[in-house]
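Taking it in order: structure first as structure tokens, then the write-up.
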Amino acid sequence: MEESNSSIYALKTSAGQERNVARLLARKARTIDGVGISSILVPESLKGYILVESSTKIDLRNPELKVQHLRGVVEGSVGITFEEAKRFLKPEPIISSIQKGSIVELISGPFKGERAKVVRIDESRQFRLLLKLIKLE
């Protein structure tokens, strides 16, 4: 991705259709010569957008790039740098934002819907949390 002749573009998609658009674009990139797409990234934290690395400028007026749910290209002078795109490659796990004393809501199991206070975080066991059920009003 760090080649000087490739650029990274952000493409707008319909919300919730990012993976479908990426699959369709990937299929077209494999079967049609001249599209220039070398990689596609679907960041979980970037709803309604996908990142595409291409050796040619992405022009959605090209009939070969017509894909359902693809809405447009984010216009910019240079595109997206590799450093900006790199942060989407390994996103920070959500558990790292939880600290001792945080209030969390349980989303599964017998206590689903209940709130609990984080008493301890065992990082050696893949961020296993020790919770204490509390009554919040």
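The values are calculated or read from the model by the stated rules, or taken from the named source; none is laboratory data. These numbers were taken from a predicted model, which means no experiment stands behind them. Heads up, the Cβs are rebuilt from the backbone with ideal geometry, glycines too, and the neighbour counts pull from every protein chain shown.
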Worksheet entry | Filtered residues of region 29-70 (kept if among the basic types (Lys, Arg) and closer than 18 Å to residue 6 by Cα) | 30, 57
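Out of the strands (runs of 3 or more DSSP E) lying entirely within region 17-106, which hold 2 or more residues that are surrounded by 14 or more Cβ atoms within 10 Å (Cβ to Cβ) and modelled with pLDDT of 80 or more?
On the way: elements: 37-41, 49-54, 70-73, 103-105.
Hits in region 17-106: 37-41, 49-54, 70-73.
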Practice prompt. Mind listing just one residue for me: the one in region 1-16 that is under 14 Å from the mean Cα position of the chain (by Cα), of a type in the set (A, V, I, L, M) and surrounded by 16 or more Cβ atoms within 10 Å (Cβ to Cβ) and, of those, nearest to residue 82 (Cα to Cα)?
Written response: 10
